[in-house]
Amino acid sequence: MHQDIIPLYAADIHDQLKKQFAYLSGGRGGDGCPVITFPDYPAFSEIPEKEFQNVLTYLTSIPSLRDAGIGFILVIDRRQDKWTSVKASILRIAASFPGNLQLVLVLRPTGFFHRALSDIAFKFNKDEFKMKVPIIMLGSVSELQGYIDKTQLTEDLGGTLDYCHNRWLSRRTAIEGFAQKVKQTAQILQSFGTELAETELPNDVQSTSSLLATHTEKKDKMKEDIRLAVEQGDDILGSITKPVTENPEYKLNQDQLDNQTTVERLLAQLHETETAFDEFWIKHQQKLEQCLHLRNFEQNFREVKAALNIVSERLSAFTDVGKSCSHVEHILKDLANFEEKSCETIVKARMLASEGDAFIQSNHYAVDSVIPKCSELHHLCDAFTTETERRRNLLNKSLELHGLLEKSMKWCDEGIYLLASQPVDKCQSQDGAESALQEIEKFLDTGTGNKIKELNKIYREYAHILSEDLKEHVQKVFQKQESMEEMFQKRQVSLKKLAAKQTRPVQPVAPRPEAFVKSPCTSPGLQREYVSNSESSAFRRVNYRRGKSEMTELHQSRGGSTMDDEENLAVLRQHVINELIETERAYVEELLCVLEGYAAEMDNPLMAHLIPPELQNKKDILFGNMEEIYHFHNRIFLRELENYVEYPELVGRCFLDQMEDFQIYEKYCQNKPRSESLWRQFSDSVFFQECQRKLDHKLSLDSYLLKPVQRITKYQLLLKEMLKYSKNCEGAEDLQEALTSILGILKAVNDSMHQIAITGYDGNLNELGKLLMQGSFNVWTDHKKGHSKVKDLARFKPMQRHLFLHEKAVLFCKKREENGEGYEKAPSYSYKHSLNMAAVGITENVKGDVKKFEIWYNAREEVYIIQAPTPEVKATWVNEIRKVLTSQLQACREASQHRTLEQTQSLPLPASSCTSPSRNHIRNTKKMDERKADLASLEGYGTTVAPKYPEKGKASPTSPDKKAKRHEVVSDPTPFGLRGWAKTSHSLDASEENDGWSSAEDPLNSSDAEEEGGGGGEMKLTPGKYTVVTDYEKGVSEEFTVKSGDLVQLIREGEDGLWYVKNLSSGREGWIPANNLLMLIGNSKSAQSLSSSESGTASSTLSTSSSCSDSCNASSTSFSDIKG
């Protein structure tokens, strides 16, 4: 029956128990039977049956099963009641009591009537109670104590048992709540443990970390619940044992002892559950942490492996073994910097491998996955370290080899210097020869540690670094060394012969400085004396390079002093080319250093936090087209230069071949102001300081950004030096042309820098054609229209104007100086007005000032008087304007005569001209003079130096028929593409005072200057090219002759009325008296005679084709004729 009853808890029937119509006091009978007391309760009969059953069921469930099995003793107190109520109570209890009964003790009513009635009624109605246990009617409490000990009865029944119903009820509620808490905790821990055990481990760090955090949070909550439950149980246990604690003599009743036992059992159960959970959690947590460590390890492994692959790939790019000591040192420095940067990756990889080894030692659950990754990391780190060391060793060997080569080359250069510095006149004496021999022997003794001894040994020792280029370089150095030693041997032989001679000393006579310029031949005596030295290596190299029989004959005929001078020039040329190549290499390395150390770092994510936001995405502004410049010099120009190291006098060809590429500097220079402005804003940036620290640069970035500007200006200085030492060499013509072109590039760059500073011009400057000239002038105006007072003021008060001469217009601007630093100091130019060149005319000379000239517009409707800083600047501008006007005039004539051009057969057209060999020769030999004229014009503009051969007060117009070249960057004399005119032109005489020029529709616009006829007058010699009309064989040099029909060039006028002349037909040169020249060239105006306009003088005539005008029926037409 007890088993079938649903367990009840005090909390469920708290209100019912609180009525106290029955209670379990904790007292026991003699055999330990629990005592349930039914106190006097007036409303006993009114208690609902459900409540009555719940209370009895609950009270009978409290004692232990053993005590409940013995049976309960019921004490029914009805002393204040009636018999009828007693009977009803007994019957109700008998019918509803759920447990076993041991004994029923009833305290009958104390009233006499009801007491007697209860005795009689109980006897007669005993069978109605249906109880299997005896029911004893007691008349007093003392009788009750005969059945139950006084200590087991409460005070209301005359006992001493301490009982408080409210305390009992609250304790029962607490104990049962604690039991419920323990049960729930155990269930929750079991459920949580099942959840943890069934959880699948994630495959990434974030999920694993999140799972571990979630489980840890739940575990902490579980632990907190357990702690609170234990604290609750301890409080209950403390309240039970409190009387004993306060009074050691106090004895707990059986129910209290049972409660204590129950609470202690629950606490023990709770502790066991907590301990089991802690053990499980430790294992689970360890597994999760191992999983997290594994996922971190795997993620770090992927990152480190990718980083190792990157550094290995970059390391594999270090294949270059260098081209010089400085180059190798730069590569070694780059390798060291790379190794330093890669060190962090290697250290991280090794630490990760050590972490994996620790996993293996700690018996990680995923050991099989960790072992191969650790092995791979160790292998990659060891492979990187080994490869880095191998490449460092290769570079060290390369540095050692280049050191040997440079020591050998330096030794050879010093030897050549020694040979060149030994004076020939002192060596003619015995003592001088012996002294020179001692110097040579002393120098040769220094070769032990400087020269290459065995070439094959070098090949064997450095075989693993010898590329084809490096091997070729080694061979060249060794050949140079052998050639130098051969020169020393031959010099020793010659000196020994001189030292052994016992003849009287010969008084040396120094030749005239221009001796071999004026006359390339020497006396037979000197020629015989030099036979023993004519085979020197430097001389042989010159003969080999030139490959021309006439050059061989020329140099074989020179004496010892001429040979020594030639050797000296060869040494100087060699040093110029060495300086050019070495500085070019250094320049390329510096550009690469800037691009890798600064520009590339601006794209490096690891450096992004150091870059100011305003500087980001402005790399193109800061560095311009430096990368384009670097690729041109590294891939093309430097390699081409190195091909001329043995032929320095021919290096002009290298510049000419690459001249178009040099125009990339114009873009760089135009961007330089923006670059410098940006640098000044962020020069103190931590990013630039860090880059400079990594590169170990003493100078900041702005110094390196200036390198391209410095380099492009350096070339013209080196070319001038080379030309100075190569005047009589084969490549002199190319050197002159290269110098002219480089100066043209510098001028174009300079002009473009000024052009971009023009403000206020509404149109497109590019539509005005090429910028030819620019400069500052004083300008007066003298216009026909306008207020007279303005005209008067204009004549006396000049305006400061900066003029820009384009092919199609001339711009007048006002120069405005800017405040600031660096390029911000550069002026700007405020546009005022412009003149269309199609309606412009010029007056070359203005009376009263040799620096003035006029530019007039629309038949002198507007006149601008221009005053140049110097006469030379004026001459340059007048020449350039004349070129533009002349080319426009020819373009107009060509258009007007296009229909009749095919019918005119008197003179051939340029495309089919020069069918005769003499005319071809004329056109070829003109090239050198044209380049000299251009160079003089450019240098005169940039440095205010006069043209090379000016006539007084004049500047010559450059011929408009200049040959177009692939490298030409100077002002184009034919801006409309009309090149090739007048190649077969006739010489046209013009007045010396004919200074008016115009290309407007009416070509007759002229200045107010006086004009003179150009017919008569004595001919004056000027540098230029002329046709000889009679034979001549009596020059200062006996071998210099000219014949009728030869084309000669007058180069310069010397002393004593002599002219230095070159026979362009035979190639020979010599001095001719001026009076003889007048007789030789006469006044011939054959088709082959060239006007002196090509010589650069202002008194020249303008040549034009016979197809320029419908009225040109004669063989030539002069401007004076046209104007007439």
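The values are calculated or read from the model by the stated rules, or taken from the named source; none is laboratory data. Worth saying up front: this structure is predicted, and the values here are computed from it rather than measured. Please note: Cβ atoms are built from the backbone with ideal geometry, for glycine as well, and neighbour counts cover all protein chains shown. For the accessible areas, the whole protein counts, side chains as well, though only heavy atoms, and no ligand, DNA or RNA atoms are used. Shrake-Rupley method; radii C 1.70, N 1.55, O 1.52, S 1.80 Å.
Couple of notes before you dig in:
- Pairs from LYS348/LYS373; LYS618/LYS770; LYS323/LYS476 whose Cα-Cα separation, in the structure shown, is over 22 Å: LYS618/LYS770
- In nm, spacing of pseudo-spin labels at THR759 and ALA11 (7 Å Cα→C-beta vector): 8.9
- Projecting label points 7 angstrom from Cα along Cα→Cβ for ASP368 and GLU217 puts them 3.5 nm apart.
- With q set to 0.10, 0.11, 0.16 Å⁻¹, the log10 of I(q)/I(0) for region 629-754, from the Debye formula over equal scatterers at the Cα positions, is -0.41, -0.49, -0.87.
- P(r) weight above 22 Å for region 12-97, C-alpha pairs, percent: 24
- Long pairs among LYS341/LYS407; LYS480/LYS720; LYS183/LYS219; LYS747/LYS815; LYS457/LYS496; LYS333/LYS698, criterion Cα-Cα beyond 22 Å: LYS341/LYS407; LYS480/LYS720; LYS457/LYS496
- Kirkwood Rh in Å, taken over region 179-333 so that all alpha-carbon pairs contribute: 21.0
- For the pair LYS707 and ARG227, a Förster radius of 56 Å applied to the C-beta separation gives a FRET efficiency near 0.15, rounded to the nearest 0.05.
- Under a model in which nothing but the beta-carbon of Lys, Arg (+1) and Asp, Glu (-1) is charged, region 319-359 shows a dipole of about 80 debye around its Cα centre.
- Scattering curve values for region 141-237, log₁₀ I(q)/I(0), Debye with Cα scatterers, q = 0.13, 0.16, 0.21, 0.25 Å⁻¹: -0.67, -0.82, -1.02, -1.18
- Potential lengthening between ARG265 and SER1066 on full extension [0.36 nm per residue; Cα-Cα distance subtracted]: 275.0 nm
- Length gained on full extension, GLU46 to THR385: 112.1 nm, using 0.36 nm per residue less the C-alpha separation.
- Projected label points at SER209 and LYS476, each 7 Å from Cα along the beta carbon direction, are separated by 6.0 nanometres.
- Placing a label point 7 Å from the Cα of GLU486 along the Cα-to-Cβ direction, none of the residues of region 430-451 has a backbone N under 16 Å of that point.
- Note on ASP31 and LYS426: the extension gain reaches 126.9 nm, defined as 0.36 nm multiplied by sequence separation minus the Cα-Cα distance.
- Assuming charge only on the beta carbon of Lys and Arg (+1) and of Asp and Glu (-1), the dipole of region 654-756 about its Cα centre is about 500 debye to the nearest 20.
- Positive contributions from Lys and Arg (+1) and negative ones from Asp and Glu (-1), summed over other residues with Cβ under 11 Å from the Cβ of GLN16, come out at 0.
- A Cβ-based charge dipole, computed about the Cα centre of region 126-262 with Lys and Arg at +1 and Asp and Glu at -1, lands at about 240 debye.
- Estimated FRET transfer efficiency (LYS496, HIS378; beta-carbon r; R0 45 Å; 0.05): 0.05
- Counting every pair of alpha carbons in region 404-449, the share spaced more than 18 Å apart comes to 33 percent.
- Distance from region 655-693 to region 253-290 (C-alpha centre basis), Å: 78
- Hypothetical label at GLN299: residues of region 182-206 whose amide nitrogen lies under 20 Å (7 Å Cα-Cβ projection): 200-206
- The accessible-area ordering, largest first, of the residues CYS164, CYS729 stands as CYS164, CYS729, per a 1.4 angstrom probe.
- Each other residue within a Cβ distance under 12 Å of LEU169 adds +1 if Lys or Arg and -1 if Asp or Glu, for a net charge of +3.
- Taking a point 7 Å out from the Cα of GLU640 in the direction of its Cβ, the residues of region 613-633 whose backbone N falls within less than 12 Å of it are 632-633.
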